[in-house]
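Each remark here refers to the structure printed beneath this line.
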Amino acid sequence: AQSVTQPDIHITVSEGASLELRCNYSYGATPYLFWYVQSPGQGLQLLLKYFSGDTLVQGIKGFEAEFKRSQSSFNLRKPSVHWSDAAEYFCAVALSGNTGKLIFGQGTTLQVKP
Amino acid sequence: GAGVSQSPRYKVAKRGQDVALRCDPISGHVSLFWYQQALGQGPEFLTYFQNEAQLDKSGLPSDRFFAERPEGSVSTLKIQRTQQEDSAVYLCASSLSKTGTGDYGYTFGSGTRLTVV
């Protein structure tokens, strides 16, 4: 069965430090890949997505992610974290040729220290 | 509307009670999805509509869950005889495209938090 794994449930970084959130997926072909952010009591906001082409994708709020087919990974990065980045981050995949339903990882909670 | 609107924002139900959760997608959006997000978990797919047709309901956990979108716009998720394990945030998402995996992507609502006591 297809699955998405976010190995880190909780990460704490200092403001201004770099950030990398890990995501691995299990699927036979290349799926569509997404990163979403969720603030408390809010819906999911799309940070970035990968469908094809350049494996390094840029998103909103200074985030980027790199698709590595050999590692089945789609890690999210940010060079310098701001206090407002504290939130829950979800990696998701959508299967090509399907209805487009998303399969989400368990999420990573990011805490930012001043 | 400007975004996906869900109501109510919060719902407390007594065990055994029926509930109805509403989703107003963005006007003109073709596809509509419902997800269930338990505390501390990622959202899990429940069901998918393309206009008024329910094309995938494989994620509905039991026959107590029922969803409809009769006119291809507003959707209602109904849960009969609620159980404690139904407590979760229910998220609705819509997309201009048939699948949401194109350039248009998905837009999520803020969700309805259901607590069954």
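The values are calculated or read from the model by the stated rules, or taken from the named source; none is laboratory data. These numbers were taken from a predicted model, which means no experiment stands behind them. Counting neighbours? That spans all protein chains shown, and the Cβs are built from the backbone with ideal geometry, glycine included. The accessibility values were calculated without ligands, DNA or RNA, using every heavy atom of the protein model including side chains. Shrake-Rupley method; radii C 1.70, N 1.55, O 1.52, S 1.80 Å.
Peptide A:73-80: average number of partner chain Cβ atoms within 10 Å per residue? Intermediate values should be presented prior to the final figure.
Numbers: counts 0, 0, 0, 0, 0, 0, 0, 0.
Going residue by residue through A:73-80 and averaging, the value is 0.
What is the packing order of peptides A:82-95, A:64-77, taking the mean over residues of other C-beta atoms within 10 Å and listing the highest first? Spell out each step's value before the answer.
Details: A:82-95: 19.6, A:64-77: 16.5.
Going from most to least packed, we get A:82-95, A:64-77.
Using a 1.4 Å probe, how large is the accessible area of B:Tyr10, given in Å² and rounded to the nearest 10?
Per-residue accessible area (B:Tyr10): approximately 150 Å².
Take every Cα pair under 8 Å in region A:17-114 that's 6+ residues apart, average their separations, divide by the length, and report that relative contact order as a whole percent. Spell out each step's value before the answer.
Numbers: 198 pairs, mean separation 30.9, N = 98.
Once divided by the residue count of region A:17-114, the mean separation gives 32 percent.
Partner chain Cβ atoms within 10 Å, averaged over the residues of A:33-44 - can you pull that number for me?
On the way: counts 0, 4, 0, 4, 0, 8, 0, 0, 6, 4, 13, 12.
Average per residue, whole number: 4.
Can you pull out the buried accessible area for chains B and A, both sides counted, probe 1.4 Å, rounded to the nearest 100 Å²? Kindly include the intermediate steps, with their values, before the conclusion.
Values: alone 6380 and 6140 Å², together 10850 Å².
In total, chains B and A hide about 1700 Å² from solvent.
Leaving out ligands, DNA and RNA but keeping every protein chain, what accessible area does A:Lys113 have, in Å² rounded to the nearest 10, with a 1.4 Å probe?
A:Lys113 exposes around 100 Å² with every protein chain in place.
Using the scaling law 2.2 N^0.38 Å as the reference, what is the normalised Cα Rg of the protein assembly as shown? Intermediate results must be reported in sequence, preceding the final value.
Numbers: Rg = 17.5 Å, N = 231, 2.2 N^0.38 = 17.4 Å.
Output field value: 1.01.
Relative to the compact globular guide of 2.2 N^0.38 Å, what is the alpha carbon radius of gyration of chain B, as a ratio? Kindly include the intermediate steps, with their values, before the conclusion.
On the way: Rg = 13.3 Å, N = 117, 2.2 N^0.38 = 13.4 Å.
My calculation over the Cα atoms of chain B gives 0.99.
Within region A:1-20, name every residue whose backbone N is under 20 Å away from a label modeled 7 Å from Cα of A:Gln106 along the Cβ vector.
A:1-13, A:20, by backbone N distance to the label point.
Please turn the phi angles of region A:83-88 into ³J(HN,Hα) values with the Karplus equation 6.51 cos²θ - 1.76 cosθ + 1.60 (θ = phi - 60°), one per residue in order, whole Hz, x for glycine and proline.
These are the phi-based 3J(HN,Hα) values: 4, 6, 7, 4, 4, 9 Hz.
Averaged over peptide B:39-45, how many Cβ atoms belonging to another chain are found within 10 Å of each residue's Cβ?
6
Quick one: Cα centre-to-centre distance for region B:58-108 and region A:37-114, in angstrom?
22 Å
Quote to one decimal, in nm, the extra length available between A:Glu15 and A:Gln42 on full extension: 0.36 nm per residue of separation minus the C-alpha distance between them. All intermediate terms of the calculation are to be shown ahead of the outcome.
Values: separation 27, 0.36 × 27 = 9.72 nm, distance 2.27 nm.
Extending this stretch completely gives an extra 7.5 nm.
Quick one: what are the phi-derived ³J(HN,Hα) couplings along region A:14-23, Karplus 6.51/-1.76/1.60 with θ = phi - 60°, whole Hz, x for glycine and proline?
Running phi through 6.51 cos²θ - 1.76 cosθ + 1.60 with θ = phi - 60° gives 7, 4, x, 7, 7, 9, 9, 10, 8, 8 Hz.
Name the shape class, rounded, prolate or oblate, that the alpha-carbon gyration tensor gives for region A:42-99, where a ≥ b ≥ c are the square roots of its eigenvalues, rounded holds for a/c under 1.5, and otherwise prolate holds if a/b is larger than b/c and oblate otherwise. Walk me through the intermediate numbers first.
Numbers: a/c = 2.20, a/b = 1.41, b/c = 1.56.
Verdict is oblate for region A:42-99.
Most fluctuating residue of B:Asp56, B:Asp24, B:Asp86 in a GNM of chain B with Cα springs under 10 Å: which is it?
B:Asp56
Can you compute the equivalent ellipsoid semi-axes for chain A, i.e. the square root of 5 times each eigenvalue of the Cα gyration tensor, sorted largest first and rounded to whole Å? Show your work: numbers first, answer last.
Working: eigenvalues 111, 42, 31 Å².
So the three semi-axes of chain A are 24, 14, 12 Å.
Could you work out the relative contact order of chain B, using alpha carbon pairs under 8 angstrom and six or more residues apart, expressed as a whole percent? Don't skip to the end; give the middle numbers.
Details: 307 pairs, mean separation 42.2, N = 117.
Reported relative contact order: 36 percent.
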